[in-house]
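Note sheet for the following structure.
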Ligand code: SAH
Ligand code: SF4
Ligand code: F3S
């Protein structure tokens with residue numbers, strides 16, 4: 001079916017479910033596991049569900065529909081899902097509820113087999129390629145009272161025009177591409193998200209313009225490999241319409257930078273191997289693009305990087321960092337690191353510590369290598385014992401924490417531009433927001449400031465957040 005027809009068809013199903021629900025108050029509960037792309041998918045699910053007449057609840061027990069949007073990038077995500085399913089079983093014994101599970105983990109056959117065998121009370125299973133068909137699956141379940149399984153293994157398509165219910169009123173995630181073609185040897189994502197494909201420039205620009213008109217200040221561009229935006233299309237000679245001069249990631253950044261009302265642009269994740277000079281130049285020259293760049297390292301040793309299929313060496317990574325720091329004023333970097341990849345020796349692990357020492361990252365997201373069924377890493381014979389992996393993790397964590405404490409000091413007595421996001425989770429008398437470099441800042445202030453950019457003077461540092469105060473700009477006489 002043509003993509004736009006498919007969405008029209010789903011709109012009709014949304015109407016039908018809404019009719020079934022007329023004059024009834026129904027609630028849904030959604031739990032999202034995984035990355036920001038999954039969260040963005042959940043916002044689309046919420047958009048569809050609310051259009052069908054359901055209201056969101058934070059209380060699982062109050063809901064008529066419970067949805068889990070799953071992740072499978074590491075093992076603990078699976079443990080979490082099965083734990084949650086145990087809880088739901090008890091609720092379902094007492095009350096009629098619909099349980100729907102979707103997302104990346106549903107693209108793994110050994111998982112869906114396990115759910116069907118041991119958790120047969122689940123009503124709807126859907127994958128990453130069939131999210132847009134949730135209204136149809138729900139309608140069929142309600143009408144025919146038969147369980148629905150809608151999972152397909154395809155390269156993947158891009159559906160435009162789904163309703164969306166966003167979590168925040170000021171920051172918006174905008175997916176610019178789906179899937180991944182990199183096949184890093186530890187990673188499951190390419191198998192569960194399909195092949196790399198980019199959204200059309202026009203669709204992205206229209207979405208961002210619409211967000212700007214609705215008061216959004218910060219845009220986070222999402223993709224597994226954002227700096228190869230439109231690359232596959234160009235390589236395969238797939239026609240795409242250029243729009244406002246956009247034919248690459250660099251030109252996309254420049255076009256978004258021009259959109260009035262948007263004050264900040266972030267993006268995750270770029271891949272070091274695709275960090276071309278035009279992207280560096282675009283970051284340097286676009287005022288709204290944050291000067292914090294997430295640059296996943298994964299490992300610091302060239303042999304391990306080769307085994308990981310990352311396509312760069314330690315030296316190339318360090319050279320890239322040097323070039324970026326030279327070209328982009330006030331650049332800071334964050335990164336992802338995996339410890340204990342199969343075959344990694346203690347000596348090789350020291351190269352990771354060495355890179356961390358040299359680059360001095362603003363933030364490091366650290367992971368213990370986790371075997372994923374179907375990936376080359378899982379088939380490698382030389383797996384590292386758990387104990388060693390944990391020891392390495394702790395060594396890295398110590399180094400990173402020392403560096404962060406040291407690095408935090410540079411903020412004291414500086415003025416930072418902060419987008420005020422809301423009240424603090426721990427104290428609703430305090431406001432919270434983030435700096436350009438993605439540091440959390442907590443400060444006292446009027447709730448009217450929420451959603452605005454403020455100059456905040458930093459007064460103290462507390463490892464994971466900074467304390468600040470609103471800096472009143474003196475009025476001109
Ligand atoms: N496409 C993004 C990130 C995808 S997953 C990128 O390339 O940066 C997010 C992070 O999870 C990865 O950067 C990696 O550090 C980590 N990760 C992925 N697979 C993993 C595995 N099998 N074990 C441990 N960490 C993993
Ligand atoms: Fe996974 Fe590598 Fe693709 Fe990132 S680039 S999603 S780590 S395969
Ligand atoms: Fe997880 Fe899927 Fe994201 S596996 S990290 S939710 S792409």
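Comparison of 188, 154 shows that the only residue that is within 22 Å of residue 108 (Cα to Cα), out of contact with any helix residue (DSSP H, G or I) (no Cβ under 7 Å at 6 or more places or on another chain) and modelled with pLDDT under 95 is 154. Selection within the stretch 292-310: residues that are in a loop (DSSP other than H, G, I, E, B) and over 23 Å from the mean Cα position of the chain (by Cα). The member of this set that is farthest from residue 360 (Cα to Cα) is 301. Taking (1) more than 16 Å from ligand 3 (Cβ to nearest atom); (2) surrounded by fewer than 18 Cβ atoms within 10 Å (Cβ to Cβ) in turn, residue 253 satisfies each apart from (2).
How many residues, within the stretch 378-393, are under 25 Å from the mean Cα position of the chain (by Cα) and within 26 Å of residue 358 (Cβ to Cβ)? Can you show your working first?
Initial filter on the stretch 378-393 (under 25 Å from the mean Cα position of the chain (by Cα)): 378, 393.
From what is left, the residues that are within 26 Å of residue 358 (Cβ to Cβ) are 393.
Going through the stretch 378-393 one residue at a time, the tally reaches 1.
Selection of the stretch 326-371 for residues being over 19 Å from the mean Cα position of the chain (by Cα) and closer than 25 Å to residue 281 by Cβ yields 326, 327, 328, 329, 330, 331, 332, 355, 358, 359, 360, 361. Annotation note: Cβ proximity below 7 Å between a residue of the stretch 199-217 that is under 16 Å from residue 169 (Cβ atoms) and a residue that is at pLDDT 95 or above and in a helix (DSSP H, G or I) (sequence gap 6+ or interchain) occurs for 208/256.
Can you tell me which residues in the stretch 335-352 are near ligand 1 (Cβ under 9 Å from one of its atoms) and in a loop (DSSP other than H, G, I, E, B)?
Going residue by residue through the stretch 335-352, those that are near ligand 1 (Cβ under 9 Å from one of its atoms) are 335-341.
Within the stretch 335-352, 340, 341 meet the criteria.
Checking the structure you have, find out if any residue of the stretch 104-112 is surrounded by fewer than 20 Cβ atoms within 10 Å (Cβ to Cβ), within 16 Å of ligand 3 (Cβ to nearest atom), under 22 Å from the mean Cα position of the chain (by Cα) and more than 25 Å from residue 173 (Cα to Cα). No.
Could you check the stretch 200-221 and list, in sequence order, the residues that are within 30 Å of residue 372 (Cβ to Cβ) and surrounded by fewer than 22 Cβ atoms within 10 Å (Cβ to Cβ)?
As a first pass, look at the stretch 200-221 and keep what is within 30 Å of residue 372 (Cβ to Cβ): 220-221.
Once the filter is applied, which keeps residues that are within 30 Å of residue 372 (Cβ to Cβ) and surrounded by fewer than 22 Cβ atoms within 10 Å (Cβ to Cβ), the stretch 200-221 yields only 220.
Looking only at residues of the stretch 186-196 that are buried (at least 18 other Cβ atoms within 10 Å of the Cβ) and more than 8 Å from ligand 2 (Cβ to nearest atom), we find that the one that is nearest to residue 304 (Cα to Cα) is 191. When each of 279, 289 is tested for being out of contact with any strand residue (DSSP E or B) (no Cβ under 6 Å at 6 or more places or on another chain), surrounded by 20 or more Cβ atoms within 10 Å (Cβ to Cβ) and without any contact (Cβ under 8 Å) to a residue 60 or more places away in the chain, the lone residue that passes is 279. Each residue in the stretch 384-403 was checked for being surrounded by fewer than 16 Cβ atoms within 10 Å (Cβ to Cβ), touching a residue at least 12 places away in the same chain (Cβ under 8 Å) and assigned to a loop (DSSP other than H, G, I, E, B), and 0 pass. If you go through the stretch 355-372 and keep only what is more than 7 Å from ligand 1 (Cβ to nearest atom), assigned to a strand (DSSP E or B) and within 16 Å of residue 344 (Cβ to Cβ), you end up with just 366. Reported count of residues in the stretch 17-38, each being surrounded by fewer than 17 Cβ atoms within 10 Å (Cβ to Cβ) and within 16 Å of ligand 2 (Cβ to nearest atom), is 1. Within the option set 410, 417, 448, being surrounded by 14 or more Cβ atoms within 10 Å (Cβ to Cβ) and over 23 Å from the mean Cα position of the chain (by Cα) holds for one residue only, 417. Selection of first residues in the stretch 31-49 that are over 18 Å from residue 133 (Cα atoms) and away from ligand 1 (no atom under 15 Å from the Cβ) and of second residues that are assigned to a helix (DSSP H, G or I) and at pLDDT below 95, restricted to Cβ pairs under 9 Å at least 6 apart or on distinct chains, gives the following pairs, ordered by first then second residue: 31/60; 31/84.
Scanning the stretch 237-286 for residues that are assigned to a loop (DSSP other than H, G, I, E, B) and closer than 22 Å to residue 330 by Cα gives 258, 262, 263, 269, 270, 271, 275, 276, 286.
The values are calculated or read from the model by the stated rules, or taken from the named source; none is laboratory data. Keep in mind it's a predicted model, so treat the numbers as computed, not measured. Methodologically, a virtual Cβ is constructed for each residue, glycine included, from the backbone with ideal geometry; neighbour enumeration extends over all protein chains shown.
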